[in-house]
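The values are calculated or read from the model by the stated rules, or taken from the named source; none is laboratory data. It should be emphasised that the depicted structure is a prediction, and the values quoted were computed from it without experimental measurement. FYI the Cβ positions are ideal-geometry reconstructions off the backbone, even for glycines, and counts take in every protein chain you see. Calculation scope for accessible area: heavy atoms of the full protein, side chains included, ligands and nucleic acids excluded. Shrake-Rupley method; radii C 1.70, N 1.55, O 1.52, S 1.80 Å.
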Amino acid sequence: MIDTKALREKVLDLAIRGKLVPQDPTDEPASVLLERIREQKKQMVKEGKLKAKDIKDESIIFVGDDNLHYEKFADGTVECIEDKIPFELPKGWEWVNLGTVCDVYGRIGFRGYTKGDFVSKGEGAISLSPSNIVNNSMDYEKCSYITWQKYEESPEIMIYNGDILLVKTGSSYGKSAIVYDLPEKATINPQFVVLKNSRIITSYLCYFLQSSYCISMYEKFVGGTAIPTFSQANLKAMYVAIPPIKEQSRIVNAVKIAEEQIVLIDDNSNELQTDTNLLKTKILDLAIRGKLVPQGPNDEPASLLLERIRTEKEELIKAGKIKRDKKESVIFKGEDNSYYEKIGNGEVKCIDENIPFEIPESWCWCRLGTPFAHNTGKALNSADTAGTPMTYITTSNLYWDHFELNSLKEMPFTESEIEKCTVTKGDLLVCEGGDIGRSAIWMFDEDIRIQNHIHRLRPYTSLSNRFYYYVMFMWKQMGFIGGQGIGLQGFSSKALHNLLVPLPPEEEQIKIAAFVDNLFKTITNIEKSLS
């Protein structure tokens, strides 16, 4: 049985430690964000939108010259808190008190409920209780109601969409959720605190509050109390790890993707491998559509990359190293917003029905043979004895993203065959037969040769082979490779050459591949931790 609670905890733990998504050194650091927050709060006090007492106790956490963490309090005292810092943060992140990044409110003690405060539905406002949080989300199916007079007594805890509710009292202390789709006016009962006016991304803050680190802090807060409860003062002073704002967004997106798949895993707990494959497929689907990482406004567009590729190929043609492809094509969008392909002989045809999805404006569609030189290896022939015996690999050695090299065989290769059939570090290899399209990148320092049922792909100019490995994997999943419903028994050089693929800017290819690698590594680590 898969412990999906532990799975989600692991995802959140990686997220709040900066290990779920890669850092981007160009992101504005969190220190700048925090300084902006402090200035905004001072301005709000001047404008009467915030009470001075709400910020008078705020402290600042910083790293001293000795590389230790310190906390400077409002009264000017400074304390070394290195032993209180739970874990190291990536560069660009900051520690801060919870009360700095949001406003924390609870029901004042003397405004608790009496029996006469409760009314029937339709006669007052909802009074939310811990039972309204189910699986980290709000559930309004069963609600209590209080009089309008009681509701209006405490305007600071009137609840609105976007607020975060956190249980502070009772057996379910620590449960939290963001308020969405509130059906009626509502407030909270005394077991809750509400976090309002989040000055960081609300979803990130809620994920942080649901992390195992925060759960451990809540347990410390309630320790020694007869009825589990913790104070707002302890909560506001709790340390929160703040990433740059853009990274907060990336973390939230990654956690949401993971959570969607965790729900599937929960429904099919005995099918972990199947479900993680679905998660990977979803990630790759977003990746090859240009929806996984943001487009860099300064990235060179793919159209210029194509020009460089064509220039490089022209030089190779002049040097006699390759032959001119008379059917080399250019794919473009017409004025009618349809896709067209212009063949080398001048023929133009509409290929709109062949385009599987829209891509970002800075990307292009092209045939795989445009950016890649490719060829297959040598056919095994017992009668052919010319050349030097050398090891080679076949489709039985090539698997998705790895090789099995325990039992390599030899056959003779002549000088010309060695040049054509040798694989070097970084080459993308694709199965022509067997599991058609199965691919991996040769990442060994030693060269190897290939048999004829393997394609060797090398870009004409600098590209991310890792990105195109993922394209091959996704195309296989989508049935674009292997002749789905056609019964093809192989993946010929012509079919490979004509395979329609997206071409992002080179920098974006690298970013996408790194981002996917990181997510897949996280998924693998989660699987290992649960097994």
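Tabulated data for the structure shown
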{"read-out": "Potential extension, VAL78-PHE357 segment - 0.36 nm per residue separation minus Cα distance", "value": "94.7 nm"}
{"read-out": "The chain, helix-only ellipticity at 222 nm - DSSP H runs n ≥ 4, -39,500 (n - 2.57), divided by all residues, nearest 500", "value": "-10000 deg cm²/dmol"}
{"read-out": "Relative contact order [Cα under 8 Å, 6+ residues apart], the chain, whole percent", "value": "14"}
{"read-out": "Positive-end residue, the chain charge dipole about Cα centroid, Cβ charges, pick of ILE355, LEU278, TRP148", "value": "TRP148"}
{"read-out": "Residue-count net charge about GLY122 - beta-carbon cut-off 14 Å; Lys, Arg +1, Asp, Glu -1", "value": "0"}
{"read-out": "Order by protection proxy (mean Cβ within 10 Å, highest first), peptides 329-336, 306-313", "value": "306-313, 329-336"}
{"read-out": "Listed peptides 449-455, 295-301, 344-350 by packing density, highest first (mean Cβ within 10 Å)", "value": "449-455, 295-301, 344-350"}
{"read-out": "Inter-label distance for TYR113 and ARG458, nm, one decimal - labels placed 7 Å from Cα along Cα-to-Cβ", "value": "7.5"}
{"read-out": "Gain in span if fully extended, GLU219 to LYS256, counting 0.36 nm per residue against the direct Cα distance", "value": "10.7 nm"}
{"read-out": "Whether the stretch 1-146 is rounded, prolate or oblate, judged on the alpha carbon gyration tensor where a/c under 1.5 counts as rounded", "value": "oblate"}
{"read-out": "Gained length - TRP148 relative to ASP24, 0.36 nm times residue gap less alpha-carbon distance", "value": "39.7 nm"}
{"read-out": "Two-site FRET efficiency, ALA319 against TRP400, from Cβ-Cβ distance with R₀ of 25 Å, rounded to 0.05", "value": "0.10"}
{"read-out": "Along each principal axis, Cα extent of the stretch 22-71, largest first, Å", "value": "38, 26, 15"}
{"read-out": "Solvent-accessible heavy-atom area per residue, rounded to whole Å², over the chain at 1.4 Å", "value": "50"}
{"read-out": "Cα pair distances exceeding 39 angstrom across the chain, given as percent", "value": "44"}
{"read-out": "Bridge type composition, the chain - antiparallel percent by DSSP, nearest 5", "value": "90"}
{"read-out": "Other-chain or far-sequence residues with amide H under 5 Å of MET138's (modelled H)", "value": "TYR180"}
{"read-out": "Accessible surface of the chain [probe 1.4 Å, protein heavy atoms]: carbon and sulfur percent", "value": "50"}
